[in-house]
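Reading through the structure tokens given below for one structure.
The values are calculated or read from the model by the stated rules, or taken from the named source; none is laboratory data. Every value quoted in this text rests on a predicted model; they were computed, and no experiment measured them. Positions of Cβ are generated from backbone atoms using ideal geometry, with glycine treated the same way; all protein chains shown enter the neighbour counts. With ligands, DNA and RNA removed, areas are computed over all heavy atoms of the protein, side chains included. Shrake-Rupley method; radii C 1.70, N 1.55, O 1.52, S 1.80 Å.
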Amino acid sequence: MLAIKVPKREAESIKRKLKKLKLYDGKRRPKRENDFILLPVIDDPRAYELGYDVLPVELPLRPERQIYKNLESVLAERLTTEELKYLRRYDVIGDIAVIQIPPELEHRADDIVWGLRKVHPFIRVVAKKGFHEGAFRIRDYSIIWGEKRLTTAHKENGVEIKVDLSRAFFNPRMKGERYRLAQLVKDGERVLIPFAGVLPYALVIAHYRKVKITAVELNEEAYRLGLENIELNRKRLKGEIEFIHGDAFEVLPKLPTFDRVISPTPRGVDALALTLSKAERWLHYYDFVHEEKIPEFRERIVDECRKQGKECRVRIKKVSDFKPHVFKVCADIELKGEE
Ligand SMILES: C[S@@+](CC[C@H](N)C(=O)[O-])C[C@H]1O[C@@H](n2cnc3c(N)ncnc32)[C@H](O)[C@@H]1O
């Protein structure tokens, strides 16, 4: 395994460059060494042409990769090497393991359950995951082992989140994103979160920051769980959360503007103009975009800002893979006030 050794102050920009050149090894974690950072890179001759030392080092796997590797090695006892190639990444939400089982591994479902229970002895339910459906973005699941429930409490970023996977959207893989945004928010800000679900963003931000959050959600089940989550976390929250049940397209026009708006937009919904109209300083707008259409997406944002008389600076971050060449992205839009 290789890493390039870069001065700490240059680490972020070099990491971006490595990602652009597709040299960065995202499966591993960078490591600090005094005033330097070791950035994981793939074995490619271009890594040696950047003007930094390239060292052979064992950098640790990211935790999610590590647990995936653990399942793979446990299952190596029962599955063939060919079958192991079809194994997908899975999630553990509270005490529920959620896994996608491709047709090639259907006949191995019992072995996969056995492997999951070995790696995570505390799980009580194993559910097979289908696709997100409808405006509420609820996934279709079937329980293949354990208790017949899809409700659980999930811990992340210092809060506990009650979820019901059969009734409301929840994605544990956004944990890092929620942490990133919480760190960008400053004490004292007023924050608006439409499409708030069971409140994962609101809870994490209010855990870290003394802010006033207004959240909006249309799905009544998610709204009910969100209210329970505010109570459940009462002692862990520095900030306050006001939660409104309703359609963002009807509720937002009646609200004032906010320092920051965070829009975890449901797929297929265009809420750019609406959310931008409510943002004074920052809008973090999530969308699903083909990698070739990212410049077009940026252009659309800049045009909308212009239409609304706002000057903006836009940075687009790929958050996760959605399907080949299509990414969930977050546009961090900094607004400079009236032109
Ligand atoms: C992609 S999910 C994000 C949920 C939550 N923010 C999270 O990260 O877990 C989008 C959410 O928007 C809600 N939703 C869909 N249409 C809506 C609307 N018109 N107004 C308010 N909420 C809506 C869905 O029920 C769903 O909970």
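Tell me, which strands (runs of 3 or more DSSP E) lie completely within the stretch 97-173 with 1 or more residues that are on the phi > 0 side of the Ramachandran plot?
Qualifying strands (runs of 3 or more DSSP E): 138-146.
Could you look through the stretch 290-325, keep only residues that are modelled with pLDDT of 95 or more and assigned to a strand (DSSP E or B), and pick out the one that is nearest to the chain's Cα centre (by Cα)? For the stretch 290-325, the residue satisfying everything is ILE316.
When TYR201 is tested against the conditions (1) touching a Leu at 6+ places or on another chain (Cβ under 9 Å); (2) open to solvent by 70 Å² or more (accessible area, probe 1.4 Å), the lone failure is (2). Of the residues LYS22, LYS5, the single one that is part of a strand (DSSP E or B) and open to solvent by 40 Å² or more (accessible area, probe 1.4 Å) is LYS5. Taking the stretch 96-113 as the range and being touching a strand residue (DSSP E or B) at 6+ places or on another chain (Cβ under 9 Å) and not β-branched (Val, Ile, Thr) as the test, the residues that pass are ALA97, GLN100, ALA109, ASP110. Would you mention how many residues in the stretch 36-61 are open to solvent by 40 Å² or more (accessible area, probe 1.4 Å) and touching a helix residue (DSSP H, G or I) at 6+ places or on another chain (Cβ under 7 Å)? Adding up the residues that qualify gives 1.
If a residue has to be outside any helix (DSSP H, G or I) and within 16 Å of the ligand (Cβ to nearest atom) to count, how many in the stretch 224-243 make the cut? Within the stretch 224-243, residues that are outside any helix (DSSP H, G or I) and within 16 Å of the ligand (Cβ to nearest atom) number 4.
Of the listed requirements (1) within 12 Å of the ligand (Cβ to nearest atom); (2) touching a residue at least 60 places away in the same chain (Cβ under 8 Å), GLU156 misses just one: (2).
Taking every residue in the stretch 6-30 that is in the same structural domain as LEU50 (by TED's automatic domain parsing) and closer than 18 Å to LEU59 by Cα and pairing it with any residue that is part of a helix (DSSP H, G or I) and of a type in the set (D, E, K, R), at least 6 positions away or on another chain, the pairs with Cβ-Cβ distances below 7 Å are LEU23/ARG46; TYR24/LYS15; LYS27/ARG65. Tell me whether the stretch 272-286 contains one or more residues that are open to solvent by 20 Å² or more (accessible area, probe 1.4 Å) and within 22 Å of the chain's Cα centre (by Cα). Checked against the condition, which is being open to solvent by 20 Å² or more (accessible area, probe 1.4 Å) and within 22 Å of the chain's Cα centre (by Cα), the stretch 272-286 yields at least one hit. For the stretch 212-223, taking the residues that are assigned to a helix (DSSP H, G or I) and surrounded by 18 or more Cβ atoms within 10 Å (Cβ to Cβ), the one that is farthest from the ligand (Cβ to nearest atom) is identified as TYR223. The single residue among GLY134, GLY176, GLY197 that is touching a helix residue (DSSP H, G or I) at 6+ places or on another chain (Cβ under 8 Å) and within 13 Å of the ligand (Cβ to nearest atom) turns out to be GLY197. Given the condition over 29 Å from ARG224 (Cβ atoms) and more than 11 Å from the ligand (Cβ to nearest atom), answer yes or no: does some residue in the stretch 258-279 qualify? Within the stretch 258-279, one or more residues are over 29 Å from ARG224 (Cβ atoms) and more than 11 Å from the ligand (Cβ to nearest atom). State all residues of the stretch 224-243 that are surrounded by 22 or more Cβ atoms within 10 Å (Cβ to Cβ) and within 13 Å of PHE195 (Cβ to Cβ); if no residue qualifies, say none. Selection gives GLY226 alone.
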